[in-house]
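Working notes for the structure below.
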Amino acid sequence: MTPEINLTRDPAHLRHGSNIGQPLTRRDGVLKVKGEARYAADNHPPGMLYAVIATASIARGRVTSLDVAAARRHPGVVDVMTPSHKPQLAEDPDAKTNPFAFRMEVLQSDEVRYANQAIAVVIAETLEAATEGAALLSPRYDVAPARVGLDADESYTPPVVGLGNPAEVHHGDADAGLAAASQRIEAIYETPAQYHNAIEPHAIVAAWNGDRLSIDTPSQGMVLAQMRIGGLFGIPPGNIHIRSPFLGGGFGSKGLVAGPQILGIMAAKLVGRPVKLVLRREQMYGPVGHRPPTRQRLRIGVGSDGALTAIEHHAKVTTSSFDDFYEPAADVSHALYATPAIKTSHEALRVDSGTPLFMRAPGEATGSVALESAIDEAAFACGIDPLAFRLKNYAEVEPATGRPFSSKALRECYAKAAERFGWSRRPLAPRQMRDDAGFLVGWGMGTAIFPALMFQGNARAVIRADGTGAMETGAHDMGQGAWTALAQISADALGLDLEQVAFKSGTSDLPDAGIAGGSAHTATVGNAIHNAGAAVIAKLAGLATSDDRSPLFGAGNAGVIARQGRLHRRDDDVRSESYADILARAGLAEIDASGSGAADPAAQSQYAMHAHGAVFAEVKVDPNLGQVRVTRMVGAFAAGRIINPRLVQSQLYGGMIWGMSFALHEEAVTDRRSGRILNANLAEYHVPVNADVPPMDVITVDEHDPHVNALGIKGVGEIGITGSAGAVANAVWHATGIRVRRFPIRIEELVTGLSD
Ligand code: MOS
């Protein structure tokens, strides 16, 4: 689908030493295809036992009895961990020691806070024995009525949303803007609870050795995990060794340590043997986070000239009864469209569910489906083409702050994707197009946006006496390709070919690489690598230029460049010396240096930093059955420097697929009577399969951004989802003339409308 990507390594680039920008295949690909990539649950230390969690079948109340004796009698069962029989923790698991310490259920009491919560853990010689033992516990409960859904009236304004954003933001006078408008759109959109559903379940293999702890567990943030586990067990974080070389998806749900991992470590402590604990699919619907349901009200005012006069975006979200994560759904309206007045606000409600958490584009995914639908409604109300309307209201500066953008190639994204899609042939009115088979055809679009974030990360660069190099960083490959993209940056940073650099990541004994999240990992760790490489090259240059036996003597650090294992004088390229020769003369086996990557606060206060994109979708709707098929999608994205076009394309495909999934497939259904999730499995929680996914075209638009960071990286992990759900929803409207504002869009809502 993307002929513009050259899938071989371009020798011309390599001659100039650039691995950055090459569409290399992922270095872990062959390992994964051959089943040789060792995921956490593949580990099996000697003497290991299996732990299985018994979960609550009620959403609120108390466990009044467990038949522990029956479970213990089962052959192979070694122990049963319960609130009254468990190792003591050094810290209250309900203490909010920092914003990243989510409260968790680790058998601290007999209270049940949501369905699927752990109420006991059975430890046995085999998985089968532990599973059977857990089934024999026959819990009894005191049941309290479960609080479910968005309708309870005890709502409140959350203290903050996301990771510390204000819950309400006003810019200009939204009331005045709405009053002055010649067209006003007011609409309410609902999005359902969604679960991350990484294919690799959350898992841990834990082994204690005195007060040292060795664990295999998929993690998007190993140092955060070390700190959390160290606090709970009263040991120094440095005593904890985490291996997380491969993740079978995370999407945010593996960003923080969750209760099941702590239970696995507790179980190992209780029995004095290594323990493996793997969640079953349905057990992932509760303790490891989810995207909460939202109800969002959009009010949009448009003047007679088609220019926005105000955007008001209010989002009601749920959180758990015992913790505080608030999906920042309305915040997406701060940065996308030019308008003199913006008002965003959030309202929250406590329900008997697990605590929601970041899930791929938290806030932007939910918020943009509502905003992009409302913008589409506004454009139609004004009789303006949706793309023309977006261009008319194109933000030249960040609307809510007035800051200039560090870079913004959204116009090119609109133009390129629209052209590829054939948008100019789109009739303005809905229900105008049919294909040969009589299906209704609709075309819709959405704008994609995601902030260009950076966290804090470190790397250590090494050059060895044989002229090869190493780069070490505790980075996380959650399937996005960090192991490949960061190795490419490493090679360039060291002036070596990829094959000459030993790239090490994925374990907690390496330099802290922060968290793989917020689409910020490549930017953060990539810049740490870039800086570490520059620092080690500077050291090497110092050795050479201060030694009168070197051809580089007297050149000074600034006058030297590193290329293909040699330092060259910048002013006289022929005068050069190999890394190996420099180290040999200095009598050094290796030389190393560290570097870190983090956002530049000065640049951040001066500029608004976002990646952008435009997504166009075609759907076909069966006029008799209401069945919707997405038949093609085109997305163009501008996200700063692209390190590896092949991996970026995969990320954007994944995001766009998730966007269509948001529009048409995904929903966790909670039973209003019991508070239990009815479809906690991949058979009934619908995600698109290959047959659902149409041909997709991904275009990346070049963007040189000197402000975001030295490498100019903005990140692509999450943006793909943001415009896509709206584009599909708008296409469904365009096909049918029916505006469905409750997601996912269901056949029954279309079929009734279509027969009218
Ligand atoms: Mo992502 S939701 O920051 O893993």
If every alpha-carbon in region 521-574 counts as one equal scatterer, what log10 I(q)/I(0) does Debye give at q = 0.12, 0.22, 0.29, 0.32 1/Å?
-0.30, -0.77, -1.10, -1.24
Ellipsoid equivalent to region 157-221 - semi-axes via the Cα gyration tensor, in Å
49, 18, 8
Checked region 595-704 against the a/c 1.5 cut and the a/b vs b/c comparison, axes a ≥ b ≥ c from its Cα gyration tensor; verdict oblate
Kirkwood Rh and Cα-based Rg: tell me the resulting Rg over Rh for region 504-640, rounded to two decimals.
1.25
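Could you give the length gained by full extension between E190 and A70, i.e. 0.36 nm per residue of separation minus their alpha carbon distance, to one decimal place?
Details: separation 120, 0.36 × 120 = 43.20 nm, distance 4.57 nm.
That works out to 38.6 nm of additional length.
What longest region of the chain stays clear of GluC sites (Glu not before Pro) that DSSP places outside H, G, I, E and B and that have at most 16 other Cβ atoms within 10 Å?
That would be 397-683.
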Given charges at beta-carbon only (K, R positive; D, E negative), |dipole| of the chain in Debye
600 debye
With viscosity set to 1.002 mPa s at 20 °C, what whole-number translational diffusion coefficient in µm²/s follows for the chain from Stokes-Einstein and a Kirkwood radius over Cα pairs?
78 µm²/s
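Considering the convex hull of the alpha carbon atoms of region 234-374, report its projected area averaged over all viewing directions, in nm², one decimal. Spell out each step's value before the answer.
Details: hull surface 47.4 nm².
Directional mean of the projected Cα hull area for region 234-374 stands at 11.8 nm².
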So what does the Cα-only Debye profile of region 230-294 read at q = 0.14, 0.20 Å⁻¹, as log10 I(q)/I(0), no solvent term?
-0.52, -1.02
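In debye to the nearest 20, how big a dipole does region 124-235 give about its Cα centre with +1 on each Lys and Arg Cβ and -1 on each Asp and Glu Cβ?
Working: 5 positive and 15 negative charges, 67 e Å.
Dipole about the Cα centre, nearest 20: 320 debye.
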With θ set to phi - 60° and the Karplus curve 6.51 cos²θ - 1.76 cosθ + 1.60, what are the ³J(HN,Hα) couplings of region 533-550 in order, to the nearest whole Hz, using x for Gly and Pro?
x, 4, 5, 6, 5, 4, 5, 4, 5, x, 4, 6, 6, 9, 10, 6, 8, 8
Quick one: work out Rg over Rh on the C-alpha atoms of region 359-472, Rh as Kirkwood radius.
1.19
What list of ³J(HN,Hα) couplings, whole Hz, do you get for region 566-583 from phi and the Karplus terms 6.51, -1.76, 1.60, once you set θ to phi - 60° and write x for glycine and proline?
9, 9, 10, 5, 5, 8, 8, 4, 5, 7, 8, 8, 6, 4, 4, 5, 4, 5
Taking only protein heavy atoms into account and a 1.4 Å probe, give the accessible area per residue of the chain in Å².
37 Å²
Given only helices, namely DSSP H runs of n ≥ 4 each adding -39500 (n - 2.57), what is the per-residue ellipticity at 222 nm of the chain, to the nearest 500 deg cm²/dmol?
-8000 deg cm²/dmol
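Rounded to the nearest 0.05, what FRET efficiency is calculated for E684 and Q627 with R0 set to 22 Å and r the Cβ-Cβ distance?
Working: r = 18 Å, r/R0 = 0.82.
After rounding, the FRET efficiency stands at 0.75.
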Would you be so kind as to identify which of L678, I643, W658 lies farthest towards the positive end of the dipole of region 635-687, taking Lys and Arg as +1 and Asp and Glu as -1 on Cβ and the Cα centre as origin?
I643
Environment charge at H74 (Cβ cut-off 13 Å; Lys +1, Arg +1, Asp -1, Glu -1):
-3
Nothing charged except the Cβ atoms of Lys and Arg (+1) and of Asp and Glu (-1): what's the magnitude of the dipole of region 23-133 about its Cα centre? Round to the nearest 20 debye.
400 debye
Could I have the simple spin-label model distance between A144 and R403, label points 7 Å from Cα toward Cβ, reported in nm to one decimal?
4.3 nm
Placing +1 on each Lys and Arg Cβ and -1 on each Asp and Glu Cβ in region 71-164, then taking the dipole about the Cα centre, the residue among L150, V160, V106 whose Cα reaches farthest towards the positive end is V106
Of the convex hull enclosing the alpha-carbon atoms of region 304-369, the direction-averaged projected area in nm² is 5.0 nm²
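Could I get the Rg over Rh figure for region 333-390? Both from C-alpha atoms, Rh via Kirkwood, rounded to two places.
Numbers: Rg = 14.9 Å, Rh = 13.8 Å.
We get a ratio of 1.08 for region 333-390.
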Rotationally averaged projected area of region 658-742 (alpha carbon convex hull; nm²):
9.2 nm²
Taking H as built 1.01 Å from N, whose amide H comes closer than 5 Å to the amide H of T25, not counting residues under 5 places away?
none
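Arrange the peptides 199-210, 545-556 so that the one whose residues have, on average, the most other Cβ atoms within 10 Å appears first.
Details: 199-210: 19.3, 545-556: 15.5.
Listed from highest to lowest mean packing, they are 199-210, 545-556.
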Would you please give the FRET efficiency between R563 and E396, computed as 1/(1 + (r/R0)^6) with r the Cβ-Cβ distance and R0 = 41 Å, to the nearest 0.05?
0.55
Accessible area of the chain belonging to carbon and sulfur atoms, whole % at 1.4 Å probe:
52 percent
Can you tell which of L498, T545, P511 lies farthest toward the positive end of the dipole of region 468-563, using +1 and -1 charges on the Cβ of basic and acidic side chains (Lys, Arg; Asp, Glu)?
T545
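The values are calculated or read from the model by the stated rules, or taken from the named source; none is laboratory data. Treat the numbers as computed from the prediction; the structure is a model and nothing was measured. Neighbour counts are summed over all protein chains in view; Cβ atoms, including those assigned to glycine, are modelled from backbone coordinates with ideal geometry. These area figures cover heavy atoms from the full protein model, side chains too; ligands, DNA and RNA do not enter into them. Shrake-Rupley method; radii C 1.70, N 1.55, O 1.52, S 1.80 Å.
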